[in-house]
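The values are calculated or read from the model by the stated rules, or taken from the named source; none is laboratory data. What you see is a predicted model, and the numbers here were worked out from it, not measured in a lab. FYI the Cβ positions are ideal-geometry reconstructions off the backbone, even for glycines, and counts take in every protein chain you see. Areas reflect the complete protein model, heavy atoms only, side chains present, ligands, DNA and RNA absent. Shrake-Rupley method; radii C 1.70, N 1.55, O 1.52, S 1.80 Å.
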Amino acid sequence: ADQLAVSAYPNPFTDRVRFVIRSKVAGQGSLEIYNMLGQKIETVYKGNIVAERSQVVEYKTTMKLNGGLIYIFRVGGKQVTGKLLKIEQ
C-alpha cells in the first residue's frame, strides 16, 4: 500500500481546489504549488501530519493561471506529486 496519497478535487477546477492528504507516517509535511515552468507559486500547507488521519487543505487561487499547476506534497522524506488543471471562466 502507498505510504502517501494526495487527492485533489475538483480537478479540473475553476477557483478553488481541495486536497485530501493521507499519510502512513507522521511528521512535518508541506504542500507546495508550482506552475508548469516549475516556479513555486505558494506553500498551501506546512505543519504536522498525523499518521492514518486525513488532512484536508483548501486552496483558493488568487492569480490568473494558464493551463495547469503542479502540486508536491512532502513528509518524512517521501513525496507525491500531481497535476491540476485550471479552467479559466
Report the relative contact order of the chain, percent, no decimals, based on alpha-carbon pairs under 8 angstrom and at least 6 residues apart. 34 percent
I'd like the carbon and sulfur percentage of the solvent accessible area for segment 1-62, probe radius 1.4 Å, heavy atoms only, ligands and nucleic acids excluded. 47 percent
How many nm separate the modelled label positions at Glu88 and Asn35, each set 7 Å beyond the Cα in the direction of the Cβ? 1.3 nm
Enumerate the whole-percent occupancy of each 5 Å bin, from 0 to the last occupied one, for all C-alpha pair distances of the chain. 3, 14, 29, 24, 15, 10, 4, 1
Note to self: with every protein chain in place and a 1.4 Å probe, the chain gives an accessible area per residue in Å² of 59 Å²
Once you put a point 7 Å from the Cα of Lys46 and another 7 Å from the Cα of Val20, both along the Cβ direction, what distance in nm separates them? 2.7 nm
